[in-house]
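Visitor: Sharing a structure here in structure tokens format.
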Amino acid sequence: MKRILVGIKRVVDYNVRIRVKPDGSGVITDGVKMSINPFDEIALEEALRIKEKGLAEEVVVATIGPADCQQQLRTALAMGADRALLVQADAVVEPLVAARALLKLVEKEQPMLVILGKQAIDDDNSQTGQMLAGLWNRPQATFASKVELSDGKARVTREVDAGLETLEVDLPAVLTTDLRLNEPRYVKLPDIMKAKKKPLETLTLSGIGVEQKQRLKLVKFEPPPQRQKGIRVKDAAELVDALRKKGVI
Amino acid sequence: MTKVLIVAEHDGSKLNPATAKCVTCARSLAGAEITVVVCAADAAAVASQAAQLAGVTRVLTVENPANARLLSAIVAPQIVALAGPYTHVLGPTTTFGKDLMPRIAALLDVAQVSDIMAVDSPTRFRRPIYAGNAILTVEVEGGAKVVGTVRIASYEAAPAGGSAAAIEKASVSAELPTHTRFVSVSAAKSDRPDLQTATRVVSGGRALGSSDAFKILYSLADKLGAAVGASRAAVDAGYAPNELQVGQTGKIIAPELYVAIGISGAIQHLTGIKDARTIVAINKDAEAPIFEVADYGLVGDLFQIVPELEKLI
């Protein structure tokens, strides 16, 4: 079966103002709205569009994290994924552990394509897709803004510092999505009802043979230094004067 | 003994300035011996530039026709083959380094420290998370090799000049895949300074209203000798190309002067400019969050103010 595996991560919603815990042990997540990482929503949307074009038959969505991730998996099923896999893990899941877990799912599901977001907006690491591709010894096309599939290959346009780069990769391959790849669909109420009946399988890291090793110790979290509040100027002339006085122009 | 291997970013003829910034980061590791590795089809020109950087003790060249374009799937196994004697393997937090370094880390079975903004010790680093709304200190445990990307806005470029480091050819035995092929790259040619290294940047937001209106920014930028940037909203709307995007998911920059024009200042944008020395904001909405971080704020109509500024400068 032509299958696409989409990895998603449950993160603090991007509209939430982040606050560091006073004891520096983390950021405050109690009572905070959690969502699918926005880049991962784009990944899922792309997979659904590929399926709707008849180029794939099944979209499987997966995550690695605590039991609460079921909420985000249900949202993904409501968007249109066919089934969901939750690899339950309660401690911190580093990108390398996530990549190893995804590799196990790849071996089990044999997808033609794995699509992930290019980074999670919580840890901003931008690692998991590249790590999975490396461990799997398959192509990676990261920061994708356009994807075209044809006979066992993908032509992917990537947003790079210089502009746009196009790669051709053999399938199976790992893609990570940039912002302008697509605009994810809204979930409709009847789809939420339907999603409750879709299959959601729960696995564990040890059950799939992945060691939950933490290689980086999180020593402390701190708020960033604040910029001093500046001044208001009344017009262009005053602005130019001020910049000249400061010696920046 | 701290031995650092830095993966050079280049376009085949010119060393990217991001590499010189990685060298500065590496120099903040006490007693580091710094090697730069240049993978290329013909490495001579880039290697001699890398050899000039202060603090570099050795340059390794890995020449192979497969390295004509630096594709991560092809470069990663070569770096892994060389990584053995090194305690640290570093690359820049650019789209090149972000794409390549995690693949190297995974093949070495180690974690990656993304976006190093400060070095506390050879195993302890600070990095921004949550779009720069928190700073996390991490410790690499168990004597593992450190693989990291260097947040280039946090470091000055290592100066060139002085005595040149030795350049040595390295031979690498690694199986290189053929499953990934370069097709093309399209980049707007520009005589303006590069956005990532410019000392002055003029940036536009959604309030510009069209790609045509962006011309007034280019005109002001030219007067200032500045690069041009854009907010995500402006890029999404098609007013500016993607390579101009500044922010959490675009470029993180640290110019001497940043002029934000018609940019409201979403958190995701502010994270891209918080290291700018001086921030100027011009916006008609007096409540726009950009004014919270601006050193100089001017409330008014940008279409009137920008041409005035150009005349006055």
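The values are calculated or read from the model by the stated rules, or taken from the named source; none is laboratory data. A quick note: this is a predicted structure, and the numbers were derived from the prediction, not measured. Counting neighbours? That spans all protein chains shown, and the Cβs are built from the backbone with ideal geometry, glycine included.
Visitor: Among A:T166, A:T202, A:T177, A:T157, which is at pLDDT 95 or above, surrounded by fewer than 16 Cβ atoms within 10 Å (Cβ to Cβ) and either of a type in the set (S, T, Y) or touching a Phe, Trp or Tyr at 6+ places or on another chain (Cβ under 9 Å) (or both)? Step through it out loud before you land on a result.
Guide: On the way: A:T166 fails: surrounded by fewer than 16 Cβ atoms within 10 Å (Cβ to Cβ); A:T177 fails: surrounded by fewer than 16 Cβ atoms within 10 Å (Cβ to Cβ); A:T157 fails: surrounded by fewer than 16 Cβ atoms within 10 Å (Cβ to Cβ).
Going through A:T166, A:T202, A:T177, A:T157 in turn, the sole match is A:T202.
Visitor: Now a separate question. What are the residues in segment B:252-267 that are more than 17 Å from the chain's Cα centre (by Cα) and either surrounded by fewer than 21 Cβ atoms within 10 Å (Cβ to Cβ) or not assigned by TED's automatic domain parsing to the domain that holds B:R206 (or both), if any?
Guide: Passing the criteria: B:S264, B:A266, B:I267.
Visitor: What pairs can you find where one residue is in segment B:159-187 and at the interface with another protein chain (Cβ under 7 Å from one of its Cβ atoms), the other is basic (K, R) and crowded, with 16+ Cβ neighbours inside 10 Å, and their Cβ atoms are less than 8 Å apart, with a gap of 6+ or different chains?
Guide: B:H179/A:R138; B:F182/B:R69; B:V183/A:R155
Visitor: Here is a follow-up. Kindly list the number of the only condition in (1) assigned to a loop (DSSP other than H, G, I, E, B); (2) surrounded by fewer than 14 Cβ atoms within 10 Å (Cβ to Cβ); (3) in contact (Cβ under 8 Å) with a residue 60 or more places away in the chain that fails for A:Q226.
Guide: Every listed condition holds for A:Q226 apart from (3).
Visitor: In the list B:G31, B:G55, which residue meets the criterion of being modelled with pLDDT under 95 and among the small types (G, A, S)? Before the answer, list the steps.
Guide: Values: B:G55 fails: modelled with pLDDT under 95.
Step by step, each of B:G31, B:G55 is checked, and only B:G31 is modelled with pLDDT under 95 and among the small types (G, A, S).
Visitor: Within the bounds of segment B:96-109, is there any residue that is within 14 Å of chain A (Cβ to nearest Cβ), surrounded by fewer than 24 Cβ atoms within 10 Å (Cβ to Cβ) and at negative phi? It would help to see each step written out before you state the result.
Guide: Going residue by residue through segment B:96-109, those that are within 14 Å of chain A (Cβ to nearest Cβ) are B:96-109.
Narrowing further to those that are surrounded by fewer than 24 Cβ atoms within 10 Å (Cβ to Cβ): B:107-109.
Those still in the list that are at negative phi too: B:107-108.
Scanning segment B:96-109 turns up at least one residue that is within 14 Å of chain A (Cβ to nearest Cβ), surrounded by fewer than 24 Cβ atoms within 10 Å (Cβ to Cβ) and at negative phi.
Visitor: Could you give me the residue pairs with C-beta distances under 7 Å whose first residue belongs to segment A:1-16 and is under 20 Å from A:D90 (Cα atoms), whose second residue is surrounded by fewer than 19 Cβ atoms within 10 Å (Cβ to Cβ) and at pLDDT below 95 wherever it lies, and which are 6+ apart or on separate chains?
Guide: From segment A:1-16, the pairs are A:V12/A:T29.
Visitor: Taking segment A:3-32 as the search range and keeping residues that are aliphatic (A, V, I, L, M) and within 23 Å of A:L175 (Cα to Cα), which one is nearest to the other protein chains (Cβ to nearest Cβ)?
Guide: Our first condition is that a residue be aliphatic (A, V, I, L, M); within segment A:3-32, this holds for A:4-6, A:8, A:11-12, A:16, A:18, A:20, A:27-28, A:32.
Imposing the further condition that a residue be within 23 Å of A:L175 (Cα to Cα) reduces the set to A:4-6, A:8, A:11.
Details: A:I4: 18, A:L5: 17, A:V6: 19, A:I8: 17, A:V11: 9 Å.
Only one residue tops the list, namely A:V11.
Visitor: Please determine whether any residue of segment B:23-32 is among the β-branched types (V, I, T) and at the interface with chain A (Cβ under 9 Å from one of its Cβ atoms).
Guide: At the first step, the residues of segment B:23-32 found to be among the β-branched types (V, I, T) are B:23-24.
Among the residues that remain, those that are also at the interface with chain A (Cβ under 9 Å from one of its Cβ atoms) are: none.
No, segment B:23-32 contains no residue that is among the β-branched types (V, I, T) and at the interface with chain A (Cβ under 9 Å from one of its Cβ atoms).
Visitor: Taking the criterion of being free of Cβ contacts under 8 Å to residues at least 24 places away in the same chain and either loosely packed, with under 15 Cβ neighbours inside 10 Å or part of a loop (DSSP other than H, G, I, E, B) (or both), would at least one residue in segment B:201-212 satisfy it?
Guide: The initial filter retains those residues of segment B:201-212 that are free of Cβ contacts under 8 Å to residues at least 24 places away in the same chain, namely B:212.
Next cut, either loosely packed, with under 15 Cβ neighbours inside 10 Å or part of a loop (DSSP other than H, G, I, E, B) (or both) only: B:212.
Looking through segment B:201-212, at least one residue is free of Cβ contacts under 8 Å to residues at least 24 places away in the same chain and either loosely packed, with under 15 Cβ neighbours inside 10 Å or part of a loop (DSSP other than H, G, I, E, B) (or both).
Visitor: Please state which one of A:G209, A:G129 is in a helix (DSSP H, G or I) and more than 23 Å from B:D236 (Cα to Cα). Show your work before the answer.
Guide: Working: A:G209 fails: in a helix (DSSP H, G or I).
Every option except A:G129 fails the conditions.
Visitor: A further question follows. Being part of a helix (DSSP H, G or I), of a type in the set (A, V, I, L, M, F, W, C) and either assigned by TED's automatic domain parsing to the domain that holds B:S163 or under 19 Å from the mean Cα position of the chain (by Cα) (or both) narrows it down to one residue among B:V38, B:V23, B:V59; which is it? Give the derivation first.
Guide: On the way: B:V38 fails: part of a helix (DSSP H, G or I); B:V59 fails: part of a helix (DSSP H, G or I).
That would be B:V23, the only listed residue that is part of a helix (DSSP H, G or I), of a type in the set (A, V, I, L, M, F, W, C) and either assigned by TED's automatic domain parsing to the domain that holds B:S163 or under 19 Å from the mean Cα position of the chain (by Cα) (or both).
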